[in-house]
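Chemist: Next up is a structure, given as structure tokens.
The values are calculated or read from the model by the stated rules, or taken from the named source; none is laboratory data. What you see is a predicted model; the values in this text were computed from it and never measured. Here the Cβ is made from the backbone with ideal geometry for all residues, glycine too, and neighbour counts use every protein chain on show. Just the protein is used for accessible areas: all its heavy atoms, side chains included, with ligands, DNA and RNA removed. Shrake-Rupley method; radii C 1.70, N 1.55, O 1.52, S 1.80 Å.
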Amino acid sequence: MQKIERDVVVIGAGASGLTAASELRKAGLTVAVLEARDRVGGRLWTDDIDGATLEIGGQWVSPDQDALIETLEDLGLDTYERYREGLNVYIGPTGEKRTFEGEIFPVAAQTEQEIVTLIEKLDALVAEIDPDQPWAHPLAKDLDEISFSRWLETQTEDEEARENIGMFIAGAMLTKPAHAFSALQALLMAASAGSFSNLVDADFILDKRVVGGLQQVPLLLAERLGDDVHLNSPVRTLRWGSDGVTAISETVEVSARFAVLAVPPILISRISYEPPLPRRQQQLHQHLSMGFVIKVHAVYSTPFWRTNGLSGTAFSPYELVHEAYDNSYHGDPRGTLVGFVADEAADGVFALNEEDRKQAILESLSHYYGDEALTPEVFYLSDWGSEEWTRGAYAASFDMGGLARYGADLRTPVGPIHFSCSDLAGKGYQHVDGAIRMGIETAAAIVERAGA
Ligand code: FAD
């Protein structure tokens, strides 16, 4: 067992922990980063699968994500635009396929009007929400006591309008069914991206990708930190008190003045604390849970949908794959589609055997793009639910009532222990931008306390 002393021990080498460590180092403090996995990046993971470069985790960058954009510039990483020329596809409740341009799906005029009205209402509400403290809204408690699906029912009787608006927050963002989270949680999700309109605008929210993959961010940050990043070192015990902390993993023991817990909040309770964390912390972490989504990649010899005049962008709240995009990798002449299967649909897919699972997903893709979608050269589906050090995707959100009740304490340090993760962020919540913001904020708070 290696024993070392540092000013700060950072637990978790995702984008948030590595940003915090880099900022602390810049301020002149010494750091050690302990990472459970045999790689850095956490939910950022770019891999070569059967000769195709695929982003198994996070990948898109949107124009409002200035903390991420600054980091990309600092690291010298280039971006490229998602392919989006041509028509998008929508599949309605009876299975009919329609093409469209713009953001509003080709639905009946009455439903379209309901969707537009709902977006306006949500934009107005979201404008009143401070993403850094949604619990401070005067109606926060009321909005946190009603599920998003129920709230939508109070706004419109048009089921197709509700399904479409619900999908943007439920399947597409929080990756939980709309009955499982509150209206306040939905508003936070939209406020964190600037507005509800931003969330429904795929050209905004899924704008750019990084040449070499988004995992380059943690990989390059870790490279700068050199030997201070320790892989295969899951922290099992954290001793803490007024004089500092000791983080104990299987390979390294780090004594430090401060700790940054840069892990998803659902994993905080996997560590043993001596003494135990205070009552409030022990309670609040029980009210957060990970959403669940399968990210599917299918790589074809050519991007055949482009020749058919399609952009690759496709949506349907009635399909197994509720959204899909052209995800062809920079410089690769082949065509790649990425699709998402969320929450209860994902449970159903994992109940199938491997062959049936693949078939069900490809059939859903073929409903959007035609039979050519049935025969990819490479097929890969993510399984974040089985990853011990993540346990779901994309991120964690509160149960009903949890955000108003506990939100204000989510980021409050406990003695020498600070918390940093995308799942705790306001702006950039559940995104890499939020992970980086939290890393910067946490480091600044420690630097101030350390008097560095
Ligand atoms: P994590 O990346 O989860 O890092 C936490 C680290 O802590 C991990 O490396 C973990 O191994 C480690 N750890 C946990 N417990 C311990 C322990 N006890 N000891 C030591 N180490 C420990 N975001 C976007 O901005 N754009 C996207 O397009 C996008 N798409 C996504 C698609 C998928 C499939 C997924 C899963 C996520 C996506 N996200 C996206 C979200 C984004 O990836 C995350 O918000 C972000 O990467 C989280 O960073 P983090 O550092 O806060 O947490």
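Chemist: For residue 107, which of the numbered conditions (1) closer than 20 Å to residue 195 by Cβ; (2) open to solvent by less than 30 Å² (accessible area, probe 1.4 Å); (3) β-branched (Val, Ile, Thr) fails to hold?
Modeler: All conditions are met except number (1).
Chemist: Return the only residue of 144, 123 being surrounded by 20 or more Cβ atoms within 10 Å (Cβ to Cβ) and among the charged types (D, E, K, R).
Modeler: That would be 144, the only listed residue that is surrounded by 20 or more Cβ atoms within 10 Å (Cβ to Cβ) and among the charged types (D, E, K, R).
Chemist: In segment 328-346, which residue that is more than 13 Å from residue 304 (Cα to Cα) and outside any strand (DSSP E or B) is least open to solvent (accessible area, probe 1.4 Å)?
Modeler: 346
Yes or no, residue by residue, for (1) assigned by the TED database to the domain that holds residue 190; (2) surrounded by 20 or more Cβ atoms within 10 Å (Cβ to Cβ); (3) within 14 Å of the ligand (Cβ to nearest atom):
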position	(1), (2), (3)
7	no, yes, no
15	no, yes, yes
20	no, yes, yes
27	no, no, no
30	no, no, no
38	no, no, yes
50	no, no, no
57	no, yes, yes
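Chemist: Here's another thing I want to ask about it. Mind listing whichever residues of segment 317-327 are out of contact with any Pro (no Cβ under 9 Å at 6 or more places or on another chain) and open to solvent by 10 Å² or more (accessible area, probe 1.4 Å)?
Modeler: Listed by number, the residues that qualify are 319, 320, 322, 323.
So that you can scan it fast, the table gives a plain yes or no per residue for (1) in contact (Cβ under 8 Å) with a residue 40 or more places away in the chain; (2) assigned by the TED database to the domain that holds residue 267; (3) over 22 Å from residue 143 (Cβ atoms):
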| site | (1), (2), (3) |
| --- | --- |
| 351 | no, no, yes |
| 354 | no, no, yes |
| 357 | no, no, yes |
| 361 | yes, no, yes |
| 366 | no, no, yes |
| 389 | yes, no, yes |
| 404 | yes, yes, no |
| 413 | no, yes, yes |
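Chemist: Test residue 410 against the stated conditions and say whether it is of a type in the set (A, V, I, L, M), away from the ligand (no atom under 12 Å from the Cβ) and surrounded by fewer than 24 Cβ atoms within 10 Å (Cβ to Cβ).
Modeler: So residue 410 fits the description; yes.
Chemist: A further question on this structure: Any idea which residue in segment 340-378 is nearest to residue 53 (Cα to Cα), counting only those that are within 16 Å of the ligand (Cβ to nearest atom) and in contact with a helix residue (DSSP H, G or I) (Cβ under 6 Å, 6 or more places away or on another chain)?
Modeler: 341
Chemist: Since residue 452 meets every condition but one in (1) over 30 Å from residue 301 (Cβ atoms); (2) open to solvent by 40 Å² or more (accessible area, probe 1.4 Å); (3) at pLDDT 95 or above, which condition does it not meet?
Modeler: If we test residue 452 against (1) over 30 Å from residue 301 (Cβ atoms); (2) open to solvent by 40 Å² or more (accessible area, probe 1.4 Å); (3) at pLDDT 95 or above, just (3) comes out false.
Chemist: Assigned to a loop (DSSP other than H, G, I, E, B) and of a type outside the set (Val, Ile, Thr), is that true of residue 380?
Modeler: Here the answer is no, as residue 380 does not meet what is asked.
Chemist: For residues in segment 59-75 being more than 15 Å from the chain's Cα centre (by Cα) and of a type in the set (A, V, I, L, M, F, W, C), which is farthest from the ligand (Cβ to nearest atom)?
Modeler: Ranking the qualifying residues of segment 59-75, first place goes to 75.
Chemist: Let me ask something additional. From the list 189, 167, 173, exactly one residue is surrounded by fewer than 24 Cβ atoms within 10 Å (Cβ to Cβ) and closer than 28 Å to residue 43 by Cβ. Which is it?
Modeler: 167
Chemist: Just to be sure before I move on: is residue 266 touching a strand residue (DSSP E or B) at 6+ places or on another chain (Cβ under 7 Å), assigned to a helix (DSSP H, G or I) and buried (at least 17 other Cβ atoms within 10 Å of the Cβ) in the structure I sent?
Modeler: Judged against the criteria, residue 266 is a match.
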